[in-house]
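K.L.:
Sending over a structure as structure tokens; questions will come in a sec.
Any read-out appearing in this document is the output of simple, stated calculations on the displayed coordinates, not a laboratory observation. As the structure is a computational prediction, the values presented were derived from the model and not from experiment. Here Cβ is always computed from backbone atoms with ideal geometry, including for glycine, and neighbour counts include all displayed protein chains.
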Amino acid sequence: MSRRSNHTTDSKRYFDWLYHAYQDLLAARMLIEDNRLYGPTVFHCQQAIEKSLKAFLLFKHRKLFDGHNLTWLCKQAALTDQAFTQWIGKSTLLNRFYIETRYPADIPEEISRELAEDILAATEEMTEFICDAVKFDYNSYHKRGKK
């Protein structure tokens, strides 16, 4: 089944995207403590960056950008704010972990603690940069219906 391109089910509220991005970041922070879970750690980092970039682009352009290619999303963000050029290299690295960390491969990707920490640090930096840019604070954000 293919995904519809008109985004009828995806939120158009950038704060919702950042809320979910931050939850992925929190998951990555917890998962990195278990040396068996470096793959899921970097996957959640990939997800946090994807959702954060989509939130930034939605905030700036008032339209939702589709796709999972972090390098492309990061380059789109850099067209609006040159600061994003500093993360293009990391976004290219993170692209590898969208599929490879979730499905078995003939030659599995070895992810060291050092690599996972490096990716997590870059994810935290970019997520915080985007949250600051759009004035989003995870701790004070309340989704509708939450008390």
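K.L.:
For Cys45, Cys74, what ranking results if the residue with the fewest other Cβ atoms within 10 Å of its Cβ goes first? Each step should come with its number before you reach the end.
P.N.:
Values: Cys45 31, Cys74 25.
The fewest-first ordering by Cβ neighbours comes to Cys74, Cys45.
K.L.:
Right, something else. If I take R0 = 35 Å and measure r between the Cβ atoms of Ser140 and Glu110 in this structure, what FRET efficiency does the formula 1/(1 + (r/R0)^6) give, to the nearest 0.05?
P.N.:
0.30
K.L.:
To continue, here is another question. What is the log10 of I(q)/I(0) for the stretch 14-137, computed with the Debye formula using one identical point scatterer on each Cα and no solvent, at q = 0.14, 0.18 Å⁻¹?
P.N.:
Here log10 of I(q) over I(0) equals -0.54, -0.87.
K.L.:
What aspartates and glutamates sit close enough to Lys54 to cross-link, taking a C-alpha to C-alpha distance under 19 Å and skipping anything fewer than 8 places away on the same chain?
P.N.:
Once the sequence-local aspartates and glutamates are set aside, what remains near Lys54 is Asp10, Asp16, Asp24, Asp66, Asp81, Glu124, Glu125, Glu128, Asp132, Asp137.
K.L.:
Subtract the Cα-Cα distance of Thr85 and Asp66 from 0.36 nm times their separation in residues, and report this length gain in nm to one decimal.
P.N.:
4.9 nm
K.L.:
To make sure I understand, if each residue's beta carbon is the centre and we count other beta carbons within 10 Å, what order do Thr127, Thr71 fall in, fewest to most? Display every interim value, and only then the final one.
P.N.:
Numbers: Thr127 24, Thr71 16.
Exposure proxy ranking, most exposed first: Thr71, Thr127.
K.L.:
Could you compute the FRET efficiency for Asn35 and Thr92, with r as their C-beta to C-beta distance and R0 at 35 Å, rounded to 0.05? Write down the numbers at each step before the final one.
P.N.:
Values: r = 25 Å, r/R0 = 0.72.
Between Asn35 and Thr92 the formula returns 0.85.
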